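Notes to accompany the following structure.
The values are calculated or read from the model by the stated rules, or taken from the named source; none is laboratory data. This structure is a prediction, so every number in the text was calculated from the model and none was measured. Counting neighbours? That spans all protein chains shown, and the Cβs are built from the backbone with ideal geometry, glycine included.
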There are 2 protein chains.
Amino acid sequence: MRPSSKAFLDRRRSDVERELDRLLPPASSDPAEIHRAMRYSLFAGGKRIRPLLTLAAGEAFDADDHVLLPVACAMEMIHTYSLVHDDLPAMDDDDLRRGRPTCHKVFGEAIAILTGDALLTLAFESLAAVPLTPEEAPRMVHIIREIAAAAGTREGMVGGQVLDMLSQGTKVTPEELEQIHRWKTGALIRASILTGAMAGRSQPEEMDHLNRYAINLGLVFQIVDDVLDVTSTTERLGKTAGKDQSVAKATYPSIVGIDESRRIVTRLVEDALKSLSRLDRSTGVLVDLAEYLASRRA
Amino acid sequence: MRPSSKAFLDRRRSDVERELDRLLPPASSDPAEIHRAMRYSLFAGGKRIRPLLTLAAGEAFDADDHVLLPVACAMEMIHTYSLVHDDLPAMDDDDLRRGRPTCHKVFGEAIAILTGDALLTLAFESLAAVPLTPEEAPRMVHIIREIAAAAGTREGMVGGQVLDMLSQGTKVTPEELEQIHRWKTGALIRASILTGAMAGRSQPEEMDHLNRYAINLGLVFQIVDDVLDVTSTTERLGKTAGKDQSVAKATYPSIVGIDESRRIVTRLVEDALKSLSRLDRSTGVLVDLAEYLASRRA
């Protein structure tokens, strides 16, 4: 990664942490139990990939921080809510997340359910609480729509989660697996990128190129996740490694093998970068993020 | 209730049903499992009190249906999501809701968790998907903020749910109980009324009067709910009667007694109607709804 990209991401990661801290109710505020649980889940050393994608896209499209930072943080809140609910005993029943006991292990199931609900709700409240000019208000409504759709049931995160659950133990084709991945993980990654641009100013044809980059990157992210589940360790991942195989989950390695999975990732990144190159914008950080996501080790 | 109010409410209830049907994905659309569960929970013969309050307030403040109906339906979606999650085994563990087996009894816990998540998400998506004029967009952002705050942890529904859970088995003062009720049920009832007015045009001092009506009505609703839990039957309520006492939940009847609970309701309604009378608006339906909510039998 270029030093300038690394410096940008380090600086922006701090901005995200500060903004999340500002948006989350203090751990001491009433009812403290849930605010502690929300902060426990959100400030657990996550890599902040989604908000950084938002900020990198926002940089390329000249978005202003007073809109861009809350959008980036909303993405992280929604991602975190989905992890808290996915980890519940009735769902994936996981004990470890981001290297620590999962929310329901520490606070109990009832609080964990409400913590997910509260993070999802706070994401939308944070977006709607941004002071906006009359020109910015329609843009924010579009952003909210994009995010809600990406988190929803129709080609969105919850829909993908359902497909994933229903597919366990069944024979899954590569096409079906791609659909699950696009919905379950890809949709929110894609929305993280697109809403960064939507927070700025963009032309429709620019959005087409960015959209292609964003769709590819979402798929890259999940395929690499599948590969790491096989090749990495629980310690490095901060979540239970080997989990997919133990629950007979359909993954890229299980269906096409690890080598072919890696070749698919390479092709998707090449295509993503080609789309980016069509933009007459400063896309250096987006390029480096694509390469980082393809080669990450955790 | 005046015949004109009854006719208004009957007509508007049909409008709500039709709009909800339009906003919900078809039961056959992929993934059908969750769309069936969402529809099962939402179309279960609910009284639609929150959307009707929105529509009654919207009528008084000349709101247009293309904004007003989605706002009303968002309220019902959020209310329904909260019921689906409240009924989960890890929460209230209830088998019966709106006279039918609860969502998790029919579809399993995992789908029930995701159904609540999806209804909450769809509420915001539905609001943000409304075609808006440049003048309406800032209004919609305010409405989204109001709704998200009412559903959240700070003086909102999830916060009230946490307070309620934590208070079980402890000694609760009347002041603490009022706080629980205001947050847990009152906040969403209040937001249902205020956002109906916000969808139209209102002056700040008008909103002050409406806010007082709305706060009182939210409290009335929950106190009557507490009383009905003691005095009504499971069959009439469509949910398990006597539940509060069986889990030693603090309620108005358990803390101040049934007679005093009823006197409080009467005083709150009087105060609510006094606030309404200060509005130079057609508030007939809002008056009748207050009296209906105070005297309802189920």
Output the qualifying pairs, or none if there are none: Cβ atoms under 6 angstrom, residues six or more apart or on different chains, first residue in the range A:188-199 and within 11 Å of A:ASN211 (Cβ to Cβ) and at pLDDT 95 or above, second residue not hydrophobic (A, V, I, L, M, F, W, C) and not in a helix (DSSP H, G or I).
none
Going through B:VAL106, B:VAL84, B:VAL130, B:VAL67 one at a time, which residue ends up being hydrophobic (A, V, I, L, M, F, W, C), within 18 Å of B:SER192 (Cβ to Cβ) and assigned to a helix (DSSP H, G or I)?
B:VAL67
Do we find that A:VAL106 is closer than 30 Å to A:GLU235 by Cβ, more than 7 Å from every other protein chain (Cβ to nearest Cβ) and surrounded by 23 or more Cβ atoms within 10 Å (Cβ to Cβ) in this structure?
no
Condition first: of a type in the set (Ser, Thr, Tyr) and within 14 Å of another protein chain (Cβ to nearest Cβ). Can you find one or more residues in the range B:53-60 that meet it?
no
If A:ALA151 satisfies all but one of (1) at pLDDT 95 or above; (2) farther than 21 Å from B:LEU23 by Cα, what's the number of the condition it fails?
(2)
May I ask you to verify whether A:GLY238 is over 17 Å from A:TYR213 (Cα atoms), crowded, with 17+ Cβ neighbours inside 10 Å and touching a Lys or Arg at 6+ places or on another chain (Cβ under 9 Å)?
yes
Subset of the range A:154-172, residues outside any helix (DSSP H, G or I), modelled with pLDDT of 95 or more and more than 7 Å from chain B (Cβ to nearest Cβ), comes to A:GLU155, A:GLY156
For the range A:127-153, enumerate the residues that are within 7 Å of chain B (Cβ to nearest Cβ), surrounded by 18 or more Cβ atoms within 10 Å (Cβ to Cβ) and touching a Pro at 6+ places or on another chain (Cβ under 8 Å).
A:LEU132, A:ALA137, A:PRO138, A:THR153
Looking only at residues that are surrounded by 22 or more Cβ atoms within 10 Å (Cβ to Cβ) and among the charged types (D, E, K, R) in the range A:109-126, which one is farthest from A:TYR81 (Cα to Cα)?
A:GLU125
